[in-house]
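Data first, discussion second: the structure below is written as structure tokens.
The values are calculated or read from the model by the stated rules, or taken from the named source; none is laboratory data. Note that this is a predicted model, so its numbers are computed, not measured. As a convention, Cβ positions derive from the backbone with ideal geometry for all residues, glycine included, and neighbour counts pool all protein chains shown. Remember, those area values only see protein heavy atoms, side chains included, never the ligands or the DNA or RNA. Shrake-Rupley method; radii C 1.70, N 1.55, O 1.52, S 1.80 Å.
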Amino acid sequence: MKLITFTVPCYNSAAYMDRCIETLLPAGEEAEIILVDDGSTDDTGKVADGYAEKYPNIVRVIHQENGGHGEGVNQGIRNATGLFFKVVDSDDWLDTEALAKVMEVLRRYADAETPLDLLMANYVYEHVADNTRNVVDYTGILPENRVFHWDEIGKFPPDKNILMHSVIYRTEVLRASGMVLPKHTFYVDNLFVYQPLPQVKTIYYLNLDLYRYFIGRDDQSVNEKNMIKRVDQQLRVTRLMMEAVDVFALPPEQEKLRAYMLNYFSMMMAISSIFLALDGSEEALAKRQKLWDDLKAHDERLYRRCRHSVAQACNLPGWLGCKLSIAGYRIAQKLFKFN
């Protein structure tokens, strides 16, 4: 068994995937790198096969019909032989020095009597437009350099949620959660970092800037125009999260996890609502109303919780309400530089 599996979903990534892969290779033969060629029409498959030929004990390639980012992650989970599992998008990369320290910790806990379920590290927004960086760390929120449990966590501010970039799950935690990401759907990373959390009992946080998240390509899923255009996919993920976990059924020792998950889901309702407001069409506003109606029908407690959160500020009624919601979103966008 390998110590860690890195899964890299690749779609028409030939122009930039080298940088990503080269930053994973220093993990050596304790790691496997699964490159999932998601029906690419450029030289992605050829580049991937070249790495597998050059590093046969590290790199594996899966060629599949186009299924989207989620199916690329699914393939990685199905085929992983690593004790731990991390997704790295093909336009992102890892810091080599930080990775060496992460590997040390994973190695230390590989044979521990109580398994380590989740390792977290920092991630860095790399903004290509203005050549700036924004580090997201969990200082003061999570204990550092030791194993801890959910009852020891602090409160997460809105700009420091647990994202796919910050997590390394134990592979069996992902499998035990029953999570299967939908095909042909963007924004599935939200489900990836939400549904498995109740399966997590032990956590370790390294205050290191491991993951470099590239922001600035016009075709990126987090580009605002693309998020408006693909809002139905955002709604699909939000509805899947709505049904994935009954957060009110979590045990007392996961009370702080419940609070975190409620806040995270409220954020998803806020994102869905604000991008429907940005669209502004009659059809979009009807979809926004239906989303909230469906939430109320599914779980009135969850609905009430979202009504008393930032999500409601993104769901203000009428023309003026939409303008106010959008104005608040623009302020947050400037403050946190999330897309």
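If we keep just the residues of the stretch 27-58 that are open to solvent by less than 50 Å² (accessible area, probe 1.4 Å) and hydroxyl-bearing (Ser, Thr, Tyr), which is farthest from Glu71 (Cα to Cα)? Full working, then the answer.
Step one: list which residues in the stretch 27-58 are open to solvent by less than 50 Å² (accessible area, probe 1.4 Å), which gives 27-28, 31-40, 44-45, 47-48, 50-52, 58.
Narrowing further to those that are hydroxyl-bearing (Ser, Thr, Tyr): 40, 44, 51.
Values: Ser40: 14, Thr44: 17, Tyr51: 21 Å.
My answer is Tyr51.
Can you tell which of Ser281, Ser272 is open to solvent by 10 Å² or more (accessible area, probe 1.4 Å) and hydroxyl-bearing (Ser, Thr, Tyr)?
Ser281
Residues checked against (1) in the same structural domain as Thr132 (by the TED database); (2) at pLDDT below 95; (3) surrounded by fewer than 19 Cβ atoms within 10 Å (Cβ to Cβ); (4) assigned to a strand (DSSP E or B):
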site	(1), (2), (3), (4)
Tyr205	yes, no, no, yes
Asp209	yes, no, yes, yes
Ile228	no, yes, yes, no
Leu235	no, no, no, no
Thr238	no, no, no, no
Glu243	no, no, yes, no
Phe248	no, no, yes, no
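For Tyr194, indicate whether it is buried (at least 21 other Cβ atoms within 10 Å of the Cβ), within 26 Å of Ser266 (Cβ to Cβ) and not assigned by the TED database to the domain that holds Met261.
yes
So, of the residues in the stretch 181-191 that are within 13 Å of the chain's Cα centre (by Cα) and not in a helix (DSSP H, G or I), which turns out to be surrounded by the fewest Cβ atoms within 10 Å (Cβ to Cβ)?
If we take residues in the stretch 181-191 being within 13 Å of the chain's Cα centre (by Cα) and not in a helix (DSSP H, G or I), then Phe186 is surrounded by the fewest Cβ atoms within 10 Å (Cβ to Cβ).
Quick one: would you say Val173 is within 15 Å of Tyr264 (Cβ to Cβ), touching a residue at least 40 places away in the same chain (Cβ under 8 Å), aliphatic (A, V, I, L, M) and not assigned by the TED database to the domain that holds Val310?
Spelling it out, it is not the case that Val173 is within 15 Å of Tyr264 (Cβ to Cβ), touching a residue at least 40 places away in the same chain (Cβ under 8 Å), aliphatic (A, V, I, L, M) and not assigned by the TED database to the domain that holds Val310.
Inspect the stretch 158-166 for any residue being modelled with pLDDT under 95, basic (Lys, Arg), outside any loop (DSSP other than H, G, I, E, B) and under 30 Å from Lys229 (Cα atoms) and give the result as yes or no.
no
Considering only residues that are farther than 15 Å from Val87 by Cβ, hydrophobic (A, V, I, L, M, F, W, C) and open to solvent by less than 30 Å² (accessible area, probe 1.4 Å), which ones fall in the stretch 146-180?
The answer is Phe148, Trp150, Ile153, Phe156.
Condition check: surrounded by 21 or more Cβ atoms within 10 Å (Cβ to Cβ) and in a loop (DSSP other than H, G, I, E, B). Does Leu116 satisfy that?
The answer is yes for Leu116.
Quickly run through the stretch 1-26 and pick out the residues that are open to solvent by less than 10 Å² (accessible area, probe 1.4 Å) and in a helix (DSSP H, G or I).
Met17, Cys20, Ile21, Leu24 - these are the residues of the stretch 1-26 that are open to solvent by less than 10 Å² (accessible area, probe 1.4 Å) and in a helix (DSSP H, G or I).
Every residue in the stretch 42-87 that is more than 18 Å from Val180 (Cα to Cα), touching a residue at least 60 places away in the same chain (Cβ under 8 Å) and out of contact with any Lys or Arg (no Cβ under 7 Å at 6 or more places or on another chain), please.
none
Consider the stretch 81-113. How many of its residues are assigned to a loop (DSSP other than H, G, I, E, B), aliphatic (A, V, I, L, M) and open to solvent by less than 10 Å² (accessible area, probe 1.4 Å)?
So the answer is 1.
Okay, residues lined up against (1) without any contact (Cβ under 8 Å) to a residue 24 or more places away in the chain; (2) in contact with a Ser or Thr (Cβ under 9 Å, 6 or more places away or on another chain); (3) closer than 25 Å to Asp137 by Cα:
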residue: Lys183; (1), (2), (3): no, no, no
residue: Leu197; (1), (2), (3): no, yes, yes
residue: Met261; (1), (2), (3): no, no, yes
residue: Ser273; (1), (2), (3): no, yes, no
